[in-house]
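The values are calculated or read from the model by the stated rules, or taken from the named source; none is laboratory data. Quick caveat: nothing in here was measured; it's all calculated off a predicted structure. We place every Cβ from the backbone using ideal geometry, glycine too, and count neighbours over all the protein chains shown. These area figures cover heavy atoms from the full protein model, side chains too; ligands, DNA and RNA do not enter into them. Shrake-Rupley method; radii C 1.70, N 1.55, O 1.52, S 1.80 Å.
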Amino acid sequence: PLRHPDSVCNPTLLDPSLAGTKAESLAIGPDVNGVANAALYVGGLKDGGIRRINNILDPNPRNQSVDIIAQTTDGRGINGSMAFLGNDLYLPENRGLTVIQNAPACFALSCFPQQVVIPGLVFANSVASDGVDKVFVATNLVAPGAVGGVRGGPATQAVIYRYSASSNSAVLFE
């Protein structure tokens, strides 16, 4: 049969416990056994839970399970895309960039995100990784001398920081 190019063929429903979480971000990563791309990590707006869906390679959704491996540092959820760098999962939070170190090894609520200190970064919108050493984090900064933005607040300017995990340093990415 003919299908629209934007349609999904034979979608698989995931665990019903994910309903209503207002999923904001997904990242494919290693599972608890270290198998690459075998778990789906989910962050949302409803709560601060960072969830791992286990056994996503199994075609039978009954064999999948969901673990809440961590909570965001403020319990309010994440703002945008999250990304893996090795086994570390980087999160965009209301207070900046955080990382769950060795996320595949986390069991239910056993891990705690750690703040990544980047001077000037107080709010993170989204995160991406080069898969080698760099994590890119987007934010909005109030432009110097800015007055009155669209909604009455100060005008903001989007900026991206490039963080090096090996040197624990960041620069403004231009």
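The distance between label points at K134 and F173 comes to 0.7 nm (points 7 Å beyond Cα on the Cα→Cβ vector). Derived from the Cα gyration tensor, the three semi-axes of the equivalent ellipsoid of the stretch 50-142 are 25, 14, 12 Å, largest first. Proximity of backbone amide H atoms, modeled 1.01 Å from N, is registered between R76 and no other residue at under 5 Å, excluding neighbours fewer than 5 places apart on the same chain.
Within the assembled protein chains, the solvent-accessible surface assigned to F112 is about 140 Å², based on a 1.4 Å probe. Applying the Karplus relation 6.51 cos²θ - 1.76 cosθ + 1.60 with θ = phi - 60° to the stretch 27-44 yields 3J(HN,Hα) values of 9, 8, x, x, 8, 4, 9, x, 6, 4, 6, 10, 9, 10, 9, 10, x, x Hz, where x marks Gly and Pro.
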